[in-house]
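Trainee: Have a look at the structure that comes next, please.
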Amino acid sequence: MIGMDGTIYIIAEHCGGKIRQITFELLSFAAQLQKKCSLPIEVLILGENVSGMAKEISEISGTNVTVLEIAGLTDYNGEVYRSVLTQFFKNFNSGFVCAGHTSQGTDFAPGLSIRMNAANITGVREIVDIEGELCFARSVYGGKRIAHVRPLTETVFLNVQPGVFKPLSSPSSSPSPSSSPGEVRLHEMKCLPEKSRFIKRKASIADTGALCEADVIVSAGNGIEDEENIGLVYDLAGFFSKSAVGGSRIVCDRGWLAYGQQVGITGATVSPKLYIACGISGAAQHLAGMSGAEFIVAVNKDSRAAVMNIADVCVIEDITTFIPLLIDTLNQGSSK
Ligand SMILES: Cc1cc2nc3c(=O)[nH]c(=O)nc-3n(C[C@H](O)[C@H](O)[C@H](O)COP(=O)(O)OP(=O)(O)OC[C@H]3O[C@@H](n4cnc5c(N)ncnc54)[C@H](O)[C@@H]3O)c2cc1C
């Protein structure tokens, strides 16, 4: 059982001088965790010249931030993170260390948790209370089942699934500075990588940034039938501010949308205010990425499609007739 004298640490994620959205999702996750265990929250940020970002986090969240200033660490390096955090945590023996279930978080957390003889639960999507025990939910079997995992160690590493916990606030949403900023403390640490070093950063063809930040996502599935009909989905998305177009894997495999627009277990996990699924059957691998949306509208000509089980509004229609009709109606509304 977790001791009550520990801390909930968040390892801030940043890249190219910018705080990544996952950091603010981790703050929201940690706030939920705090309600269960009443431990204080503290953010750690590692790197060279990261004090500016630390100040930003402390102002937005009101949380204390510790800077581990490492000369020469201009870009992420897992070896350095593991080494520095092992030193930092040498007297830490109960509490939580939260990182993103991202390429960075899943790179350093497992090795670090082994060094600290701690449990590491990855892909965390929910905090659950089972018979008074604190457990964490993660999806398994390609999103078909949810496993509840109970940590048995005093220190627990958690990799939190991006897109599941709504960020409290972040610079990319509307910044709402906390009334009293947290304290920023600085520790200088020396560590240079010996086994691997950063060469360069290249933009990924699967950049899911737009999807993760959208309030409204209109997604196209196999039912869109023809590449030409993708335009309908873009037209519909155009009626909403802060919107993005997503799709199922089939549509991305066909090249009708970019892989950065794929929603699902091998794409983005999203939690927009509104998700409109157009011609999407609702395979478990797709639902795993979007079932956290606040309101789901499914347009499908098959009333028995699995997506209908989680949709708030089910439109049993052919998308090629329904979407143009909806667009016309929205156009009439906006011209009044
Ligand atoms: C390891 C693994 C990982 C995967 N990862 C992902 C992932 O990340 N994301 C993902 O999406 N999939 C993923 N998949 C694929 C997934 O299993 C499904 O094959 C895929 O999601 C189905 O896409 P779809 O719903 O667009 O197509 P379909 O299952 O073919 O469904 C099309 C739907 O459109 C409806 N329809 C057809 N025509 C019309 C019309 N004119 N008007 C209205 N409705 C119509 C049909 O009734 C049907 O319900 C993965 C699979 C595996 C094995």
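Please treat every number below as a calculation from the coordinates, not as lab data. Quick caveat: nothing in here was measured; it's all calculated off a predicted structure. Positions of Cβ are generated from backbone atoms using ideal geometry, with glycine treated the same way; all protein chains shown enter the neighbour counts.
Trainee: Residue-wise, which Karplus ³J(HN,Hα) couplings in Hz belong to the range 36-41, taking 6.51 cos²θ - 1.76 cosθ + 1.60, θ = phi - 60°, and x for glycine or proline?
Mentor: Running phi through 6.51 cos²θ - 1.76 cosθ + 1.60 with θ = phi - 60° gives 8, 10, 6, 8, x, 10 Hz.
Trainee: Of all DSSP beta bridges located in the range 1-141, what percent are antiparallel, nearest 5?
Mentor: Beta bridges within the range 1-141, antiparallel portion: roughly 35 percent.
Trainee: Still on this structure: Using modelled backbone amide H atoms (1.01 Å from N, in-plane), which distant-in-sequence or interchain residues come within less than 5 Å of Gly246's amide H?
Mentor: Distant-sequence amide H within range of Gly246: Val218, Ser219, Ala220.
Trainee: Placing +1 at every Lys and Arg Cβ and -1 at every Asp and Glu Cβ, with all other atoms neutral, what dipole size does the chain have around its Cα centre, in debye to the nearest 20?
Mentor: I would put it at about 680 debye.
Trainee: Right, another one. So which trypsin sites (Lys or Arg not before Pro) in the range 74-136 pass both tests, a DSSP loop state and at most 13 other Cβ atoms within 10 Å of the Cβ?
Mentor: Counting only loop positions with at most 13 other Cβ atoms within 10 Å, the trypsin sites (Lys or Arg not before Pro) in the range 74-136 are Lys90.
Trainee: Now for a different question. Restricting things to alpha carbons, tell me how big the range 209-335 is in terms of Rg and Dmax, in Å.
Mentor: 13.0, 40
Trainee: Still on this structure: Could you sort out which of Lys18/Lys190; Lys166/Lys242; Lys55/Lys273 sit more than 26 Å apart by Cα distance in this structure?
Mentor: From the list (Lys18/Lys190; Lys166/Lys242; Lys55/Lys273), the Cα-Cα distance tops 26 Å for Lys55/Lys273.
Trainee: Among all stretches of the chain without exposed chymotrypsin sites (Phe, Trp or Tyr not before Pro) (DSSP loop, at most 14 other Cβ atoms within 10 Å), which one is longest?
Mentor: Here the longest run is 1-140.
Trainee: I need the phi-derived Karplus couplings for the range 313-323: 6.51 cos²θ - 1.76 cosθ + 1.60, θ = phi - 60°, integer Hz, Gly and Pro marked x.
Mentor: 3J(HN,Hα) across the range 313-323, in whole Hz: 10, 10, 10, 8, 7, 7, 5, 6, 9, 6, 5.
Trainee: Kirkwood Rh over alpha-carbon pairs of the chain, then Stokes-Einstein at 20 °C and 1.002 mPa s: what D in µm² s⁻¹, rounded to an integer?
Mentor: 100 µm²/s
Trainee: Determine the dipole magnitude for the range 209-335: charges of +1 sit on the beta-carbon of Lys and Arg, -1 on that of Asp and Glu, nothing else is charged, the reference point is the Cα centre, and the result goes in debye to the nearest 20.
Mentor: That gives a dipole near 340 debye.
Trainee: I want the local charge near Ile319. Using Cβ-Cβ distances under 10 Å, sum +1 for each Lys or Arg and -1 for each Asp or Glu among the other residues.
Mentor: Charge balance near Ile319 sits at -2.
Trainee: Mean projection of the alpha-carbon convex hull of the range 7-189 over all orientations, in nm²?
Mentor: 10.3 nm²
Trainee: If you don't mind, another one. Go ahead and estimate [θ] at 222 nm for the chain from helices alone: -39,500 (n - 2.57) per DSSP H run with n ≥ 4, summed, over the residue count, rounded to 500.
Mentor: -8000 deg cm²/dmol
Trainee: Cut-off under 14 Å on the C-alpha distance; same-chain residues fewer than 8 positions from Lys202 excluded. Which aspartates and glutamates are left, in chain and number order?
Mentor: Within reach: Asp75.
Trainee: Whose amide H sits under 5 Å from the amide H of Cys15, counting only residues 5 or more places off or on another chain, with H placed in the peptide plane?
Mentor: Arg20
Trainee: What does the charge add up to near Glu183, with Lys and Arg as +1, Asp and Glu as -1, over the other residues with Cβ less than 15 Å from its Cβ?
Mentor: Once positives and negatives cancel, what remains is -1.
Trainee: A further question on this structure: In sequence order, what are the phi-derived ³J(HN,Hα) couplings for the range 75-80 according to the Karplus relation 6.51 cos²θ - 1.76 cosθ + 1.60 with θ = phi - 60°, rounded to whole Hz, with x for glycine and proline?
Mentor: Calculated HN-Hα couplings, in order: 9, 4, 9, x, 5, 5 Hz.
Trainee: Counting DSSP beta bridges with both partners in the chain, what percentage is antiparallel, nearest 5?
Mentor: 20 percent
Trainee: In the chain, with Lys and Arg counted as +1 and Asp and Glu as -1 at Cβ, which of these residues, Gly260, Leu325, Leu73, has the Cα nearest the positive end of the dipole, that is, farthest along it?
Mentor: The residue sitting farthest along the positive end of the dipole is Leu73.
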